[in-house]
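Take a look at the structure below.
The values are calculated or read from the model by the stated rules, or taken from the named source; none is laboratory data. This one's a predicted model, so the numbers in the text were calculated from it and none came from an experiment. Methodologically, a virtual Cβ is constructed for each residue, glycine included, from the backbone with ideal geometry; neighbour enumeration extends over all protein chains shown. When the accessible area is computed, the model is the full protein with side chains, heavy atoms only, and any ligands, DNA or RNA have been set aside. Shrake-Rupley method; radii C 1.70, N 1.55, O 1.52, S 1.80 Å.
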Amino acid sequence: DESPDAELKDTLRRDFHWGFATAAAQVEGTWNKDGKGESIWDKFCHTPGKVKDGSTNEDATRAYDLYKQDVALMKSYGVTAYRFSLSWSRIIPLGGINDPVNEKGVDYYNNLIDELIANGITPFVTLFHWDTPQALEDRYGGMLNQEKYTPDFLRYACLCFERFGDRVKHWITYNEPGVYTLAGYAAGVHAPARSSFRERNAEGDSSTETFIVAHTEIVSHARAAKIYREEFKPHQKGQIGITLHGNYSEPWDVNDPKDVEAAQRAREFEIAWFADPIYGSGDYPASMRSQLGSRLPTFTDEEKSIVKGSSDFYGMNTYTTFFVRHLDGEADINDHLGNVEKLDTNSEGKSRGPESDTYWLRTAPSGFGKLLHWIWDRYHVPIYMTENGTTAKGEHVKAPPSAEVLNDTFRVDFFHSYLRELARAVQDGVDIRSYFGWTFTDNWEWAAGFEDRFGCTWVDFESEEKTRFPKRSAYFLGDYFTHLIAEG
Ligand code: PNW
């Protein structure tokens with residue numbers, strides 16, 4: 001249903017930002033040229049058996065070479081903002097505090113930022129979207145070593161504030177610290193492929209790594225924010241925050257108090273794990289402490305005082321909703337962290353939503369609406385939606401894609417239904433200031449390789465030019481935001 005939604009017209013503030021989000025490792029290509037150093041994802045994708053279709057991100061969409069073309073295409077879609085990440089090992093190839101800067105890498109981001117601004121597009125910049133310099137992993141185990149890692153991260157962050165902060169006014173320190181550690185250190189299916197919850201296909205050796213890495217991310221985020229606020233914000237006048245992942249959890253049986261409690265526990269293990277320290281109490285949720293005990297690190301008093309309140313906004317990535325059922329027994333940290341089971345149907349057989357082309361993702365707009373309220377009620381901080389989107393079946397075709405493939409009704413319906421929830425939440429008083437669709441073009445979807453197409457632009461990965469073909473969803477977003485955003 002694409003009726004005009006008259007009751008939602010002009011619901012969003014005039015300065016609401018909308019656009020697309022991307023990540024360096026998924027789009028740039030040029031993985032080992034112009035001085036770029038190796039990242040953990042470069043190593044991961046060159047290790048046989050790690051990526052579903054055996055692909056690498058060596059070329060990706062060639063966004064490094066094609067940035068002018070991409071900015072022009074985004075402009076034609078009518079975006080007002082673009083969220084992208086910086087590749088740490090492109091800027092400091094070996095990553096460390098005393099390692100040399102690669103000026104060619106700095107030039108690339110300066111050129112991209114200038115091109116965006118010249119086209120009236122506001123840059124939102126993520127410092128870390130999962131691509132740790134491999135050298136830091138080799139030297140001291142990367143984020144497992146909070147003491148050694150933090151100064152290296154802070155030097156990188158400061159360099160970025162210095163070089164780009166005159167034009168970048170929206171900084172995101174980390175993208176989804178939770179997915180980084182759960183997929184990289186618990187499941188072992190993402191780089192750096194350690195599996196600490198069990199000794200499976202990886203080198204992990206304890207059940208604590210996942211939580212140690214999360215702790216490093218939280219504290220180093222807070223230290224970077226403190227430096228930005230003290231040394232850069234006074235003259236650069238920007239904002240700094242963090243982006244957290246979070247899918248909504250609904251009780252499997254709404255009439256069973258144990259499932260109602262389990263759904264809340266699931267939201268805490270997934271979202272409050274990071275959000276309570278940063279936006280709430282300053283500490284991990286009690287539900288996590290009681291199940292995980294000493295596996296969960298403790299904040300020192302000094303850490304607590306800088307972590308609490310360390311983000312100017314809530315950067316929110318969300319995609320879907322699960323039904324959650326309580327599990328009895330001892331705390332299970334392997335498959336069912338938090339003693340919950342995540343299911344596709346509820347006790348009445350209702351489905352959580354239509355299937356996308358990605359196993360974990362289904363269209364579930366009502367859970368999105370509830371999640372916006374849950375976050376707003378618990379933390380009361382302005383929300384920047386920094387990612388939301390879907391794959392769609394049937395987009396695995398040879399170029400050129402037919403008009404039917406480019407008419408991506410499934411994705412249009414996804415965006416339409418989620419944006420209605422977003423606009424209604426704003427009408428209810430939730431303070432939401434941006435929306436970035438995931439994603440601009442089809443790209444290299446991490447361990448799924450090129451199999452999962454999340455783009456609003458179809459890409460011919462087999463062509464040298466990585467030819468872009470706009471899908472209808474790109475234009476839908478432009479039209480719908482014109483309707484939703486109040487006019488100047
Ligand atoms: C995000 N989940 O990852 C990342 O920020 C993007 O880089 C990525 O391409 C995009 O979402 C699509 O996967 C997620 O299982 C990965 O709920 C998994 C989940 C959520 C987000």
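Values for this structure:
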| item | result |
| --- | --- |
| Length-normalised contact order of segment 88-160 in % [C-alpha pairs under 8 Å, at least 6 apart] | 38 percent |
| Rule-of-thumb Rg ratio for segment 1-160 [Cα; 2.2 N^0.38 Å; N residues] | 1.20 |
| Ellipsoid equivalent to segment 293-360 - semi-axes via the Cα gyration tensor, in Å | 32, 21, 10 |
| Bins of 10 Å from zero: percent of alpha-carbon pairs in segment 217-372 | 11, 33, 31, 18, 6, 1 |
| Segment Val101-Thr409, length gained on full extension (0.36 nm per residue, minus Cα span) | 106.4 nm |
| Length added when fully stretched, Lys33-Asp10, from 0.36 nm per residue minus Cα-Cα | 3.7 nm |
| Kirkwood-type radius of segment 1-75, with distances r between different C-alpha atoms, in Å | 15.7 Å |
| Counted charge near Val71, where neighbours are those whose Cβ lies closer than 11 Å (Asp, Glu -1; Lys, Arg +1) | -1 |
| Rounded if a/c under 1.5, otherwise prolate or oblate - the chain, Cα gyration tensor axes | rounded |
| 1.4 Å probe accessible area per residue over the chain, in Å² | 37 Å² |
| Alpha carbon centroid spacing (whole Å) that separates segment 25-51 from segment 145-165 | 21 Å |
| Fraction of alpha-carbon pairs over 11 Å apart in segment 280-326 - percent | 77 percent |
| Modelled FRET efficiency - R0 35 Å, Glu451 with Ser207, Cβ distances, 0.05 increments | 0.65 |
| Chymotrypsin sites (Phe, Trp or Tyr not before Pro) within segment 345-405, DSSP loop, no more than 16 other Cβ atoms inside 10 Å | Tyr359, Trp360 |
| Label point distance in nm, Glu162-Glu261, each placed 7 Å from Cα along Cα→Cβ | 5.4 nm |
| Computed over segment 21-126: relative contact order in percent, which uses C-alpha pairs under 8 Å that are six or more apart | 33 percent |
| The chain, relative contact order in percent, only Cα pairs under 8 angstrom and at least six apart counted | 18 percent |
| DSSP-loop GluC sites (Glu not before Pro) across segment 435-488, with at most 11 other Cβ within 10 angstrom | Glu462, Glu464, Glu465, Glu487 |
| Helix-derived mean residue ellipticity, 222 nm - over the chain, DSSP H n ≥ 4, -39500 (n - 2.57), to 500 | -10500 deg cm²/dmol |
| Per-pair calculated FRET efficiency, R0 = 45 Å: Asp301 and Asp53 via Cβ, rounded to 0.05 | 0.40 |
| Fully extended contour minus Cα-Cα distance, from Glu231 to Lys169, at 0.36 nm per residue | 20.9 nm |
| Part-to-part distance (alpha-carbon centres) for segment 421-488 and segment 236-306, which is given in Å | 28 Å |
| Listed residue pairs exceeding 26 Å between alpha carbons, taken from Lys43/Lys68; Lys258/Lys350; Lys226/Lys370; Lys52/Lys342; Lys50/Lys471; Lys393/Lys466 | Lys43/Lys68; Lys226/Lys370; Lys50/Lys471 |
| Spatial separation of Cα centroids for segment 336-412 and segment 176-192, in angstrom | 20 Å |
| Pairs of Cα atoms farther than 17 Å apart, segment 228-291, % | 56 percent |
